[in-house]
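Bear in mind these aren't lab numbers, they're just calculated from the coordinates by the rules spelled out. As the structure is a prediction and not an experimental result, all values here were calculated from the model. Counting neighbours? That spans all protein chains shown, and the Cβs are built from the backbone with ideal geometry, glycine included.
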Amino acid sequence: MATVSESRLFPPIVSPYLPAKTITSVSSGITIPFEINALNSLEDIKEIHVLVTRQTNYNSLFNNNYPLGIYVFTATSTILTNKEFTIPSSILNPDQLNFNEYYKMQIRFSKDTHGHGLTGSALSDYLLNETYLAQFSEWSSVGLIRFIAEPTISVIGNIEGESNEMIAGNTNSYQIDSNYLELSGRYTKEGTVTVLNRSFDNTQDNEYLSTWKIQVQDMEENVLIDSGIQRVNIRGAKMNEFLYNVPFFFTENIDYRIVLFITTANLYEQTYVYKVKSNHSESNWGSQSYINEYTSLDSVIGKVNISFEAPTGSTTPAGGKLIIRRSCEDDNFLYWETIWQYNSVPALTETDVISYDDFTIESGTIYKYAISFIYNNVTYSIVEGPVLSVFDHAFLTGEGTQLCVKFNPNITSMKVNVSDNIVNTIGGQYPIINRNGNMYYRTFALSGTIAYEMDAEHQFATRSGIYGEWINVYGTYFVNRYINQQNDRVTQRKFRELVMDYLYDDIPKLFRSTPEGNVLVRITDVNLTPKQELARMIYDFSCTATEIGEASIENYKLYKVQDFGDA
């Protein structure tokens, strides 16, 4: 006797959390995505059954024409190809729709074709008929879906006009009041909406913003700048707000697209497009008379200094705003990042100076600086550079100061750490090597000599800082005892103790040198060795430096490598 084998249907694959739908979109139906198990044959799938129930009371979202809460679709080639179907709004029960509530959705496949178009008792009889039950797959896992109010994004920018609010989809370009764009925005919900003969008050909707991303594109939609996905602090006071200084120099009289992507807590996604242009060549630094700026490079200690003061014979008015941005040759000076900001400049006379030191430059890299002064809602800008510095020494920069490793700087080893697993097989001549995870960071052994004279231009500690109010007492004693730089053990010891505190703390440092570039590190395993031939007046040190993150301005700010003002 022959045995006939019949293939079975495996259930559809449904995401545990489906993207939220707006209440207003329900009028056009509810689109449900799914995946098909690879073991299924598409030719066998004739129908799709769907359940949607309210989580609080398990009442069906469908109306009374579907007493078992199941609606039947014909599995067309379009549905199976696109892997989604739309529940028509005409079969929905408006009394079961609500904000702040999850709805449970499950679907299954059927080999049979008799259920489509049936309603009421005829549909119930079909679904409960044991003749057809064997044709159905198991139900899928539960997917949760939520209905929200229509989101509204209000975006504010430094643009011309009576209002600086930007409305998406504008035809004419918004005029930027400088070559840089500052954006702030807030996610809200629209007012009362009516759908399927039911009214909803948006105050009942607790949906909130989860992530946002901003891109700068040219008019051919090529991406020039991408902020990456930014997550919102849902527990903060500004949980639905975002702020972004676009790190891009907008060339004058060229149209750009600003594209904002948002995702809410329940995976609702929306995109907003704004068209902007800069045409402010007249608002340059030279056309203002409020404040002067001076830029200088100190290659000995690896810094760029930018100072501001009042013009000769005048006083700078209070209330202005200073911004310093920086770009480098690595991205062809396309990406400009704010490295220092002073939001409220006080009144300055000729003797007052506001000074900023940039200690995060990398040896052998060319930089440009853009300085902006904003006063009376007018932005004046100037671009300084190119600036290039090649260091003679190595530096450990952090906590608003830096230590120059000037004497006997050595890196005896450097290792790039990855997670490789070597598996030796029984029958194979060669092992199998697998790389696990995305781990990739450097560690290196750093050593040098600690001496007061290593501190180039006294960036780390001065004599007055070491001795404080007792400097005159120490100075008199040293003169009377003929203690000089060659035999000053006290100053060497006190300076060494400051260096020890600096090396032993758990605060990240920026290691900078010409051979290695900039490496953001954490110093561990510090060892000190006195130099016996110098009667232990000075010591050598050795330590392990472990890379902890990308050497970027974002991380410099995170770890407070230097002063960034209000930026």
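So for the pair Tyr441, Thr251, with labels modelled 7 Å out along Cα→Cβ, what separation do we get in nm?
Here the answer is 4.0 nm between the modelled labels.
For Met500 and Asn233, what is the calculated FRET efficiency with R₀ set at 35 Å and r taken between the beta-carbons, to the nearest 0.05?
The pair Met500/Asn233 has a calculated efficiency of 0.40.
Going through the stretch 20-81, which chymotrypsin sites (Phe, Trp or Tyr not before Pro) have at most 14 other Cβ atoms within 10 Å and a DSSP loop state?
Of the chymotrypsin sites (Phe, Trp or Tyr not before Pro), the ones in loops of the stretch 20-81 whose Cβ has at most 14 other Cβ atoms within 10 Å are Tyr58.
Report the gain in length on full extension from Thr31 to Glu138: 0.36 nm times residue separation, minus Cα-Cα distance, nm rounded to one decimal.
Stretched fully, the Thr31-Glu138 segment lengthens by 36.4 nm.
Under the 0.36 nm per residue contour assumption, what length would be gained going from the current alpha-carbon distance of Asn332 and Asp125 to full extension?
67.5 nm
Which of the peptides 22-31, 446-455 is most tightly packed, and how do the rest follow, going by the mean number of other Cβ atoms within 10 Å of each residue?
446-455, 22-31
Which residues does a label at Asn65 reach in the stretch 82-99, if reach means a backbone N under 17 Å from a point 7 Å past the Cα toward the Cβ?
Only 86-96 pass the distance filter.
How high is the relative contact order of the chain, in percent, counting Cα pairs under 8 Å that sit 6 or more residues apart?
Worked out over the chain, it gives 10 percent.
Can you tell me the order of 338-350, 192-204 when each peptide is scored by its average per-residue count of other Cβ atoms within 10 angstrom, highest first?
Peptide ranking by packing, descending: 338-350, 192-204.
Quick check: Cα centre of the stretch 399-424 to Cα centre of the stretch 14-88, how many Å?
The stretch 399-424 and the stretch 14-88 have Cα centres separated by 56 Å.
All other residues with a Cβ under 14 Å from the Cβ of Ile32 taken together, and with Lys, Arg as +1 and Asp, Glu as -1, what is their net charge?
In short, +3.
Report the local net charge at Asp255: Lys and Arg +1, Asp and Glu -1, summed over other residues whose C-beta lies under 10 Å from its C-beta.
+2
Out of residues 5 or more away from Val405 or on other chains, whose amide H comes under 5 Å of its own, with H placed 1.01 Å from N in the peptide plane?
Long-range HN contacts for Val405: Ala394, Phe395, Leu396.
Can you order the peptides 40-49, 208-217 by their average number of other Cβ atoms within 10 Å per residue, highest first?
208-217, 40-49
Only one of the listed values, (1) 51; (2) 56; (3) 68, was derived from the coordinates as percent of Cα pairs over 30 Å apart; which label is it?
(3)
Calculated from DSSP H runs of 4 or more alone, at -39500 (n - 2.57) each and per residue, what is the 222 nm mean residue ellipticity of the chain, nearest 500?
Taking each H run of at least 4 residues, the total per residue is -2500 deg cm²/dmol.
From a point 7 Å beyond the Cα of Thr152 in the direction of its Cβ, which residues of the stretch 181-207 have a backbone N at a distance under 13 Å?
Within reach of a label on Thr152, which here means backbone N under 13 Å from a point 7 Å along Cα→Cβ, the stretch 181-207 contributes 186-193, 202-203.
Could you work out the relative contact order of the stretch 21-148? I mean the mean sequence separation of Cα pairs under 8 Å and 6+ apart, divided by the number of residues, in percent.
Computed value for the stretch 21-148: 34 percent relative contact order.
With r as the distance between the Cβ atoms of Glu457 and Ser163 and R0 = 45 Å, compute the FRET efficiency 1/(1 + (r/R0)^6) and round to 0.05.
The value I calculate is 0.35.
Give me the one-decimal nm value for the distance between modelled label points at Asn206 and Ser307, 7 Å along each residue's Cα-to-Cβ direction.
5.7
By how many nm would the segment from Thr544 to Ile422 lengthen if fully extended, with 0.36 nm per residue of separation less the alpha-carbon distance?
Extending this stretch completely gives an extra 41.3 nm.
To make sure I understand the rule: partners must be lysines, Cα under 16 Å from the Cα of Lys238, and not fewer than 8 residues away in the same chain. Which ones qualify?
Cα-Cα hits under 16 Å: Lys189.
For the stretch 7-46, list residues with backbone N below 19 Å from a point placed 7 Å from the Cα of Leu196 toward its Cβ?
18-33
Hey, got the dipole for the stretch 285-388? About the Cα centre, +1 on K and R Cβ, -1 on D and E Cβ, debye to the nearest 20?
Around 280 debye, computed over the stretch 285-388.
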